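A.B. asks: This is the structure, below, for whatever I ask next.
Where a number appears in this text, it was derived from the coordinates with a stated rule and is not lab data. Just so we're clear, the structure is a prediction, and the values are computed from it rather than from any experiment. Glycine also receives a Cβ, built like all others from the backbone with ideal geometry; neighbour counts cover every protein chain displayed.
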Amino acid sequence: MKLYGYWRSSAAYRVRIALNLKQLDCEHESVHLVKDGGQQHSEAYKSLNPMELVPTLVDGDFTLNQSMAILDYLDAKYPQTPLLPNTLEDNAKAKALAFDIACDIHPLNNLRVLQYITGPLGQSDEAKVAWYHHWIDTGFKSLEKKLAVTAGTYCYGDNVSWADICLVPQVYNAERFNVDMSQYPIIQAITERCRALPAFHQAAPEQQPDAV
Ligand SMILES: N[C@@H](CCC(=O)N[C@@H](CS)C(=O)NCC(=O)O)C(=O)O
């Protein structure tokens, strides 16, 4: 298997955590999201993933984008260390937490969105940072309320799930933008417990060979 990703990409970070939890061997190919105007826009990468976003997983002759679809694929193909609870309701609830982050928080603060704010929309860096903080705070405040009900050791009970796999990269991203994480004590505590696990630690951006 080969994963096209980038050290700082939250979505690629999710897949790296899942690969580590399942102890799967995978080659990593860096797609630099800033260099050369963004290598995700190169013809070579576009032929692999027309969405021009990372990650993309290649498994033999099978190519797949979308980190959550990749998690689903890995969970189905390699069922060791399941990444979701197995009862219907718990499974759906853990997925909903993951989608709160992956669908409703992450896309608003993606690189191309922030670049559009300061580029074509002509807004200042201060406005971009205000946008970032607003959407993180909106998302994390709501998430904190949900986690007060669902969390055990991790986001949903005492087993790592997709929710944790989405949470830790989102927190890493928020820290880069100097969000004060002490405002969200449950998120902060879960993140610390996840970071203590080797699968999360080894997937961290600063552990990647393309980290600068
Ligand atoms: N929903 C997609 C999101 C992918 C995504 O937004 N990737 C970001 C990095 S986290 C990216 O490639 N950004 C490049 C850009 O914005 O130009 C997924 O989960 O895979």
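A.B. asks: Just need the Rg to Rh number for the range 1-151, please, alpha carbons only, Kirkwood Rh.
C.D. replies: 1.00
A.B. asks: To check you understand DSSP bridge types, tell me what percent of the beta bridges within the range 2-81 (both residues inside) are antiparallel, rounded to 5.
C.D. replies: If I count the DSSP bridges inside the range 2-81, around 65 percent turn out antiparallel.
A.B. asks: Run the numbers for Lys145 and Glu126: contour at 0.36 nm per residue of separation, minus the present Cα-Cα distance, in nm.
C.D. replies: Length gained between Lys145 and Glu126: 4.0 nm.
A.B. asks: Considering Cα pairs under 8 angstrom that are at least six residues apart, work out the relative contact order of the range 13-58 and quote it in whole percent.
C.D. replies: 22
A.B. asks: Here's another thing I want to ask about it. For a Förster distance of 41 Å, can you work out the FRET efficiency between the beta-carbons of Thr118 and Glu89, rounded to the nearest 0.05?
C.D. replies: So, using R0 = 41 Å, E works out to roughly 0.45.
A.B. asks: Quick one: work out the % antiparallel among DSSP beta bridges in the chain, nearest 5.
C.D. replies: Restricted to the chain, the bridges split so that about 60 percent are antiparallel.
A.B. asks: If one computes P(r) from the Cα atoms of the range 1-83, what percent of pairs lie at distances over 17 Å?
C.D. replies: 41
A.B. asks: Taking H placed 1.01 Å from N in the peptide plane, check which residues at least 5 places from Glu29 or on another chain put their amide H under 5 Å from its amide H.
C.D. replies: Sorted by chain and number, the residues that satisfy this are Leu3, Tyr4, Gly5.
A.B. asks: Roughly how many debye, to the nearest 20, is the charge dipole of the range 29-156 about its Cα centre, given +1 on each Lys and Arg Cβ, -1 on each Asp and Glu Cβ, and no other charges?
C.D. replies: 260
A.B. asks: Next question. List the lysines whose alpha-carbon lies under 16 Å from that of Lys22, not counting same-chain residues fewer than 8 positions away?
C.D. replies: Within the straight-line cut-off, Lys22 pairs with Lys2, Lys77.
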